[in-house]
Amino acid sequence: MDGTVRKHIVISAVNIRKGGTLTVLRDCLAYLSGKKDWQVTALVHDRKLCDFPGISYIEIPWSSKSWLRRLWCEYVSMGRISRKLPEVDLWFSLHDTTPRVRARRQAVYCHTSFPFLKTRRQDWKMDYKIPAFARFTRYAYRMNVRRNSYLVVQQDWMRKGLSGLTGFPEQRIIVAPPAFSLPEISGSATDELIFLYPSTPDCHKNFEVFCEASRMLEERVGRGRFRSVITLDGSENRYSRWLKARFGGVSSVDFRGYLSKEELRNYYGLAGCLVFPSRIETWGLPISEFLPSGKPMILSDLPYAHETAAGAKQVAFFPCDDPAALSERMQELLEGRMGAFREVERKNTAEPRANGWEELFGILTEE
């Protein structure tokens, strides 16, 4: 034993079980697993989801069973756990909330952009959990936020938004873009122009605007000129069933259903254009995945899309609530008129900014 005092870092992630947040958790613990001079404790839903050597785990599977249990876990149980652990140098919560814990320093990774979602009456009908969660997170982000030394976000627009929402200074909100491996796109575009929108069947994804734009375009140019592929089949939930009932008769709308990673890579190759009309995103991964192809994209004219598409050569933006405007952009591309498509400028992001986990933890743990 050399007598070196190791820093003790707690990663709190009890509600992370799938999707992009689970990828972030795994990447985070994979990095910390190699830090032999740090003692790392991870609070997780299930260790099997993110098992790495050199890390101590505390499993809390009951937290995800309801919002009330989540709140009890965050604001009661974690405080009790923190008092039983060896002194904590950094308590890093990876899921939006700030627990009241015993720690020298706290930080929160703010994943969800839902506090900035402009909800609609129809959202409550399609899936009440989404607008309810949007309202909940507006309060959750504010609760105990001043206990943190830093907040962590993926994009600069969210840094500005969170600062305005919570009063937390921008100078202590770190922009840390996610790291991901881009798929190798295979195949090439077909003679029939394919517009592709790959996403999950959630009401804020705004499939209805894409489907309505396709219906309008089909009325103007006729059938067989193009195909609009969406990655739901109309059976997944109330929202997708409503979409199928309303647009199932539009011949150009292809309810393709869920695509595996390999199938999606193939469609990236076949598609002549990516359409992404989502009303809110933390990042918008399909934009990043499609960007290296160099092919055109038509995106919501929202801050997340402008940041994610930075560097793309052929992008047209449209108001996300305007299917007529989207239909016009689609027709222009179909007819080879590219005046609305232009390069998206890269902008420098102010500090603090972290590219990768090493830079991020360097900021979070600096004395």
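Numbers at a glance
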{"item": "Residue satisfying condition, being in contact with a helix residue (DSSP H, G or I) (Cβ under 7 Å, 6 or more places away or on another chain), in a loop (DSSP other than H, G, I, E, B) and buried (at least 18 other Cβ atoms within 10 Å of the Cβ), within set A305, A312", "result": "A312"}
{"item": "Sole exception among (1) touching a residue at least 24 places away in the same chain (Cβ under 8 Å); (2) buried (at least 20 other Cβ atoms within 10 Å of the Cβ); (3) touching a strand residue (DSSP E or B) at 6+ places or on another chain (Cβ under 8 Å) for F116, by number", "result": "(3)"}
{"item": "In the range 150-162, the residues that are in a helix (DSSP H, G or I) and touching a residue at least 12 places away in the same chain (Cβ under 8 Å)", "result": "D156, W157, M158, R159, G161, L162"}
{"item": "Members of the range 155-189 found to be among the polar types (S, T, N, Q) and crowded, with 16+ Cβ neighbours inside 10 Å, listed by number", "result": "Q155, S163, T166"}
{"item": "Filtered residue count, the range 120-132, keeping only those that are under 20 Å from the mean Cα position of the chain (by Cα) and surrounded by fewer than 17 Cβ atoms within 10 Å (Cβ to Cβ)", "result": "3"}
{"item": "Hits in the range 336-364 (condition: buried (at least 16 other Cβ atoms within 10 Å of the Cβ) and assigned to a loop (DSSP other than H, G, I, E, B))", "result": "A340, F341, V344, P352, A354"}
{"item": "Residue in the range 259-278 that is of a type outside the set (A, V, I, L, M) and under 13 Å from the mean Cα position of the chain (by Cα) present", "result": "yes"}
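Laboratory data are not the source of any read-out in this text; all were calculated from the coordinates shown. The model shown is predicted, which means the values in this text are computed figures rather than measured ones. For neighbour counting, all protein chains shown are included, and Cβ atoms are generated from backbone atoms with ideal geometry for every residue, glycine included.
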